[in-house]
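*Asks:* Pasting a structure below so you can have a look.
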Amino acid sequence: MAAPKINPQPWRWNHPRVLVEEPDEAAGLAIASALRFSGYAVGVCPGPQGHGQCPLTGPGGCAPAHGADLIVCSLGYEREVAREVLRELRARYPGVPLLVEVPSEIDAELQELLDGCHRLPAGAGPEQVVTAVQSLYGHVSQGNPAGA
Amino acid sequence: MSRRGIPQVPSRFHRGSETFRFLLLVMVALIPIVLVAVLGPTWLALVVLGFGICALAARAVQLRMRRLRDPELSVKMAPPHLGEAAERRVLVVANDTLSETSLLGEVRRLASVPHTHVLLLVPALISPGERLTGAGEDALAQARVRLSRALGRLGADRDIKGEVSAAEGLVAVEDTFASFVPDEVLVSTRWERAAGGLDPRLAGLVRERFAVPVRHLVFEFGSVAQEPDQDAEARYQREFGDAAAWRFGLRALAGAGILAAVVLSAVALITVAERNQATAVSQRVAAQALPTPADATGPPAKVIDVSVIPEGKKGPEGAMHDDFTVSEFHVTVGRPLTLRIDNTDTQPHSISSPEAHVYIIAQPGTHGYTLLVDKPGKFEWHCEFLCDPWAMEHVGYMRGFITATPS
């Protein structure tokens, strides 16, 4: 299958790239900061509640997800739209590991959706996210991030 | 733009290929205008020119709307932290507020925290016109002076560096993310955008695009720093985004409508002027053709008295309608017929027959006109000035016939 044509390509840094799907702006920035100080380039997406239509629901796909090395999902999966995002991520980018913050109670549908995903407990702090990312990706040596 | 040393204003005309494309585009656009102006009527040249201007304006509006619209992807990005974990890198973006003592105090406070590096970024305030032409040395010089004075007041004992950028505010910040890699951004502006000042909306744009904490501090002359509340930020936000883009688009559409009205009015005026000129020429030709007193051998010129009377004639339905008291004219081809028209109305009326090349505009009052037809036939004439709509459509009122017989 031909590679999806996604333009523009938003990632500019060669360092490991982590996309954080987090609807809460402050929480997203806190996770981003922790990841940045651990050597990761980050992208923070508020999920389907951001500007306009979520690109995952269109034919073009999501450029940041396409270029990510790992995706952290904290969208709250009580809502169908959040599950749809997770479903699309799994279907479109099967090679990108997903680290999903899961609620304490999981229904059968979500259980099936989460099969094969790495899980984080609900309410995980930035340090826990970093630890989980590092366990999946490995520690990153710091260097000059400017090289694109 | 050079990131090191003296920045230059990035202009598309600095590249030969861009300049060549621009000149080619101008020439291609000018060719039809010049051709029509030389070969065609004036009104057509104006219409073509109007189309050209509209196309340029539409492109400018499109570019402006693209800049105003929300980013396609609402994803904030940031590179990994640069340096040791204990280090902090703070980017301060300012220009006209660099003279504020309270801002310099805030910069000193930031720089006094151990392992903190501060970069003062001063985007030069270059207008779009200067940017297009590559000018803007004044803005760059002003930014350099402001930065130099600020660094002088801050002293050399702290880790504070400065940089002037020729790029626009957001692009300048973006460049800095590739070189300085800030962990925090502080944008300093006035409450409202002033001439020679940074746009207060810049903070919101930076916040929208970069996954680092962004503070917006507002400094008014001589006052302490203030952070805009949510209402102020929301107001700044409203000036960007899809809604703002559409508002701008609608305003541009209204402007285009006004411009189109002006162009059409100009075309109408020119057309009427050209017709009047044609009539005048026709009348001059007729006057030359009329027998002079010395030329007494020919028959005396015939004069027809005509009146134009508003609501002067009863129609079949009983209502009164505008009329020419004479609506049937009989002439000999090439022989002028003098009409003494008493237009009792306050507006002009006309005897217009494009087929017979007759355009007589009867001004209010009594004046003499010449009716001259250059080919035989029966031609319908009508009044082309908006008056009584019914009468304009009916023969015997504001419409009639000219019958020209061969000499």
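*Asks:* Could you list which residues have their amide H under 5 Å from that of residue B:320, counting only those 5 or more apart in sequence or on another chain, with H placed in the peptide plane?
*Replies:* When sequence neighbours closer than 5 places are left aside, the close amide H contacts are B:315.
*Asks:* I'd like the chymotrypsin sites (Phe, Trp or Tyr not before Pro) in segment B:170-242 restricted to DSSP loop residues with at most 15 other Cβ atoms within 10 Å, sorted by number.
*Replies:* Details: sites: B:177, B:180, B:191, B:210, B:219, B:221, B:236, B:240; in loops: B:180, B:191, B:219, B:221, B:240.
Here the chymotrypsin sites (Phe, Trp or Tyr not before Pro) that fit, given the DSSP loop and packing criteria, are B:191, B:221.
*Asks:* Here is a further query. Need one number for segment B:292-405: average projected area of the convex hull over its C-alpha atoms, nm². Present the calculation step by step, with values, prior to reporting the outcome.
*Replies:* Working: hull surface 29.0 nm².
Its Cα hull, projected and averaged over all orientations, spans 7.3 nm².
*Asks:* By how many nm would the segment from residue B:403 to residue B:271 lengthen if fully extended, with 0.36 nm per residue of separation less the alpha-carbon distance?
*Replies:* Details: separation 132, 0.36 × 132 = 47.52 nm, distance 2.65 nm.
Between residue B:403 and residue B:271, full extension yields 44.9 nm more.
*Asks:* Taking θ as phi - 60°, what are the ³J(HN,Hα) couplings along segment A:12-20 by the Karplus curve (6.51, -1.76, 1.60), each to the nearest whole Hz, with x for Gly and Pro?
*Replies:* 10, 10, 7, 5, x, 10, 10, 9, 10
*Asks:* Would you calculate a helix-derived [θ] at 222 nm for the protein assembly as shown, using -39,500 (n - 2.57) for each DSSP H run of n ≥ 4 and dividing by the full residue count, to the nearest 500?
*Replies:* Values: 15 runs with 216 residues, N = 555.
About -12500 deg cm²/dmol.
*Asks:* Say R0 is 25 Å: what FRET efficiency, to the nearest 0.05, do residue B:363 and residue B:262 get from their beta-carbon distance? Mind showing how you got there, number by number?
*Replies:* Details: r = 26 Å, r/R0 = 1.05.
For residue B:363 and residue B:262, the calculated efficiency is 0.45.
*Asks:* Shifting gears a bit: Using the 10 angstrom Cβ neighbour count as an exposure proxy, how do A:112, B:174 rank, fewest first? Please report the intermediate quantities before stating the final value.
*Replies:* Working: A:112 9, B:174 16.
Least to most surrounded, the residues fall as A:112, B:174.
*Asks:* Additional query: Given points 7 Å out from each Cα along the Cα-Cβ axis, report the residue B:253 to residue B:235 separation in nanometres with one decimal.
*Replies:* Distance between label points: 2.8 nm.
*Asks:* Let me ask something additional. Under a point spin-label approximation (7 Å from Cα along Cα-to-Cβ), what is the residue B:66-residue B:34 distance to one decimal in nm?
*Replies:* Reported label-point gap for residue B:66 and residue B:34 is 3.0 nm.
*Asks:* By count of other Cβ within 10 Å, fewest leading, how are B:275, B:207 ordered?
*Replies:* Values: B:275 16, B:207 21.
Listing B:275, B:207 from fewest to most nearby Cβ atoms yields B:275, B:207.
*Asks:* Under 15 Å between alpha carbons, and skipping anything fewer than 8 positions from residue B:76 in its own chain: which aspartates and glutamates qualify?
*Replies:* In chain and number order, the partners are A:21, A:22, A:24, A:25, B:174, B:183, B:184, B:208.
*Asks:* Could you identify which residue out of B:38, B:214, B:263 has the top mean-square fluctuation in a GNM of chain B using Cα springs shorter than 10 Å?
*Replies:* Looking only at B:38, B:214, B:263, the biggest GNM fluctuation is shown by B:38.
*Asks:* Would you list, by chain and number, the aspartates and glutamates whose Cα falls below 12 Å from the Cα of residue B:378, excluding same-chain residues fewer than 8 positions away?
*Replies:* Hits, sequence-local ones excluded: B:328, B:355.
*Asks:* Specify the angular offset, from 0 to 90 degrees and rounded to the nearest 10, of the alpha carbon long axis of helix B:169-179 from the longest principal axis of the alpha carbons in chain B.
*Replies:* Here the helix axis deviates by roughly 40 degrees.
*Asks:* For chain B, modelled as a Gaussian network with Cα springs under 10 Å, which listed residue fluctuates most, B:145, B:164, B:47?
*Replies:* B:145
*Asks:* Let me ask something else. Report, as a whole number in µm² per second, the diffusion coefficient that Stokes-Einstein gives for the protein assembly as shown at 37 °C and 0.692 mPa s using the Kirkwood radius over alpha carbon pairs. Could the numbers behind the result be given before it?
*Replies:* Values: Rh = 30.4 Å.
The diffusion coefficient I find is 108 µm²/s.
*Asks:* Would you mind checking which residues have amide H under 5 Å from residue B:339's amide H? H placed 1.01 Å from N; only 5 or more apart, or other chain.
*Replies:* Here B:304, B:369, B:370, B:371 satisfy the definition.
*Asks:* Mind giving me the FRET efficiency for residue A:92 and residue B:145? R0 is 45 Å, r the Cβ-Cβ distance, nearest 0.05 is fine.
*Replies:* Values: r = 53 Å, r/R0 = 1.17.
Rounded to the nearest 0.05, the efficiency is 0.30.
*Asks:* Using alpha carbons only, how many degrees (0 to 90, rounded to 10) separate the axis of helix B:137-154 from the longest principal axis of chain B?
*Replies:* With rounding to tens, the tilt is 30 degrees.
*Asks:* Let me ask something additional. At a Förster distance of 41 Å, what's the computed FRET efficiency of residue A:107 paired with residue B:178, Cβ-Cβ distance as r, to 0.05? All intermediate terms of the calculation are to be shown ahead of the outcome.
*Replies:* On the way: r = 45 Å, r/R0 = 1.10.
Efficiency for this residue pair is about 0.35.
*Asks:* Here is a follow-up. Give me B:304, B:31 ranked fewest to most by other Cβ atoms within 10 Å of their Cβ, as a rough exposure proxy. Numbers along the way, then the final one.
*Replies:* Numbers: B:304 15, B:31 10.
Ascending number of Cβ neighbours within 10 Å: B:31, B:304.
*Asks:* What percent does the relative contact order of chain B come to when contacts are Cα pairs within less than 8 Å and at least six residues apart?
*Replies:* Numbers: 678 pairs, mean separation 53.1, N = 407.
Relative CO of chain B lands at 13 percent.
*Asks:* Using only the alpha carbons of segment B:335-399, determine the length spanned along each of the three principal axes and report them from longest to shortest in whole angstroms.
*Replies:* Principal-axis extents of the Cα atoms in segment B:335-399, largest first: 32, 25, 16 Å.
*Asks:* Same structure again: Just from the alpha-carbon atoms, what are the Rg and Dmax of chain B in angstroms?
*Replies:* 36.4, 117
*Asks:* Right, another one. Given a 10 angstrom Cα cut-off, can you work out which residue in B:93, B:306, B:218 is the most mobile in a GNM of chain B?
*Replies:* The residue that fluctuates most here is B:306.
Coordinate-derived values only; no laboratory data. It should be emphasised that the depicted structure is a prediction, and the values quoted were computed from it without experimental measurement. In this analysis, Cβ positions are derived from the backbone assuming ideal geometry, glycine residues included, and neighbour counts consider all displayed protein chains.
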